[in-house]
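Peer 1: I'd like to ask you about the structure that follows.
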Amino acid sequence: TDGHDPTVRREHAVIIGAGLAGSLAALFLARRGYAVDVYERRADPRTAPAGLNGRSINLGLSARGMRSLAEAGLLADVLKRSVPMRGRVVHSPDGTVAFQPYGVREHEILHSVLRDELIALVVDAAEAEPAVRFHFDMRLLRLDRDRATVEVAPTDGGEPVTVTGDLVVGADGVFSTVRQQMQYGLRADYAQEFLEWGYKELTIPVGDDGEPRVRLEALHVWPGDDALMVAHPNLDGSLTCSLFMAHEGPVSFAALDTPEAVRTFFDRHFPDAAALMPDRVEEVLGHPTGQLVTVRTAPWRHADRVVLIGDAAHAVYPFYGQGMNSAFEDCLVLDHCLGAHPGSRAAALAAYEAARRPHTDVLADLSTQNFQDLRARVHRVGYTAHAAADRLLARLLPERWMPLYTMVSHTTMPYADALARARRQDRLLRTAAASTALAALAATAATVGAWRRNRGR
Ligand code: FAD
């Protein structure tokens, strides 16, 4: 038995989506005493042939995700399957390469992990809980939000099944069906924004000598106004790249329609990357282009019956590397809220939304801003000088000064609090710079005055 009194009816949670958020939520809910059924339209990631599920991307795991995985008891296993990234290697268009450490302290590193492998690990752990069952190749068709009832159907066209729970968790990603049907006809806010840029997954394979072609323990970034590329390292010494650029226009995925166009594009924009990517032509022409979407919405819940987590509640552009991390953080906060309100799930769900939504809205803004930074600023003098000043102050005043990137990636400080603190620090930096400039001006004026007086003597 799983330690629960069999005469007491467990509450029943039905989770839609066994992505990152849904799988971890299954584990937490089971440990909170729920019987859990998870319905996922894709194949089981543990047995599906590689690539069947589409996105074989790797992701940067940072403090928030790590904290949630640690509370679930999974962090050590995940870290064994990830590559530490101690900073960014920025490849400038002129061919120069610069290493920028992520943080000022030893532990301030990110970890690159394959999405499908991570999901498989979390699904395994959740399934080890006796009260959890996963149902793959099953798609949600309909939700009855007042009765916590779903209609799900096998993706091979089999007969739909109706399942009634006590709580339905919408973990079905950015185009969530749970969200649409939960909010349908009610007073709800919904804003969806598509970036004019999309992305393609490409690879830097290991070299012919079996060695990595570039420094492995780092995120590699090729900034650019018209196109940018980032590459995460894999355990086998290869790197997975995401190439970002406009869908349409003179420099765009649409324009890369012949092998010649692809070769010319790389030679012009990322000359040093071209040499590292022998398969770039086939990959650019053959791989699908992904969409980048921001979603802000409210409410995230319906009475004590339905709740949204992860991208279903708040999708952000990937430029801060926080989508998965914040999705994992949702799971933890939801679990804590259920623990804090044992007598009322409605109160727990309300507390969860109040604790998360203001912060994930800020994350959406930060992620959009980081798009601008990654495109252009990381290799410009002003940006690197500001980042260097930020890092220097953090080193000199470790208790009092923390760069925004550090707060977002290496702490679990709520996003809006991190932004407010960064703004205070920026004001101080500007005031200090202004007073240094004033002091320099005053000193110059005094010197000139003294010189004139001396000359007049
Ligand atoms: P998803 O992972 O999308 O999972 C939703 C699941 O629901 C899917 O498995 C889907 O098949 C299933 N589903 C959907 N509809 C139905 C239905 N009707 N019935 C049944 N099942 C359904 N985040 C980071 O933290 N760090 C990074 O470095 C990072 N890099 C990224 C790079 C790129 C290019 C992109 C696009 C995203 C990146 N992210 C990153 C974001 C991260 O991938 C997402 O935030 C994260 O996957 C969200 O998890 P989720 O479980 O909420 O949604």
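The values are calculated or read from the model by the stated rules, or taken from the named source; none is laboratory data. Worth saying up front: this structure is predicted, and the values here are computed from it rather than measured. Cβ coordinates were reconstructed from backbone atoms using ideal geometry, including for glycine residues, and neighbour counts include every protein chain displayed.
Peer 1: Part of a loop (DSSP other than H, G, I, E, B) and not assigned by TED's automatic domain parsing to the domain that holds residue 324, is that true of residue 147?
Peer 2: Answer is no for this residue.
Peer 1: Does the stretch 261-273 contain at least one residue that is within 16 Å of the ligand (Cβ to nearest atom), surrounded by fewer than 17 Cβ atoms within 10 Å (Cβ to Cβ) and not assigned by TED's automatic domain parsing to the domain that holds residue 362?
Peer 2: Looking through the stretch 261-273, none of the residues is within 16 Å of the ligand (Cβ to nearest atom), surrounded by fewer than 17 Cβ atoms within 10 Å (Cβ to Cβ) and not assigned by TED's automatic domain parsing to the domain that holds residue 362.
Peer 1: May I ask you to list pairs of residues, at least six apart or on different chains, whose Cβ atoms are under 6 Å apart, with the first in the stretch 168-186 being closer than 22 Å to residue 27 by Cα and the second being charged (D, E, K, R)?
Peer 2: Close Cβ pairs (under 6 Å, with a partner that is charged (D, E, K, R)) amount to 170/179; 173/311; 174/311; 178/172.
Peer 1: Kindly indicate whether any position in the stretch 209-216 is within 25 Å of the chain's Cα centre (by Cα), under 28 Å from residue 85 (Cα atoms), of a type in the set (A, V, I, L, M) and at pLDDT 95 or above.
Peer 2: no
Peer 1: Mind telling me which of the residues 278, 299 ends up being assigned by TED's automatic domain parsing to the domain that holds residue 144 and in contact (Cβ under 8 Å) with a residue 40 or more places away in the chain?
Peer 2: 299
Peer 1: Here's something else I'd like to know. Just to be sure before I move on: is residue 361 among the acidic types (Asp, Glu), at pLDDT 80 or above and either more than 24 Å from residue 101 (Cα to Cα) or touching a Pro at 6+ places or on another chain (Cβ under 9 Å) (or both) in the structure I sent?
Peer 2: The answer is yes for residue 361.
Peer 1: Residues in the stretch 286-295: is at least one assigned by TED's automatic domain parsing to the domain that holds residue 200 and either within 22 Å of residue 93 (Cβ to Cβ) or among the aromatic types (Phe, Trp, Tyr) (or both)?
Peer 2: no
Peer 1: Quick one: in the stretch 150-180, of everything that is among the charged types (D, E, K, R) and not in a strand (DSSP E or B), which residue is farthest from the ligand (Cβ to nearest atom)?
Peer 2: Only one residue tops the list, namely 166.
Peer 1: From the residues in the stretch 297-317 that are surrounded by fewer than 23 Cβ atoms within 10 Å (Cβ to Cβ) and either modelled with pLDDT under 95 or among the aliphatic types (A, V, I, L, M) (or both), which one is farthest from the ligand (Cβ to nearest atom)?
Peer 2: 303
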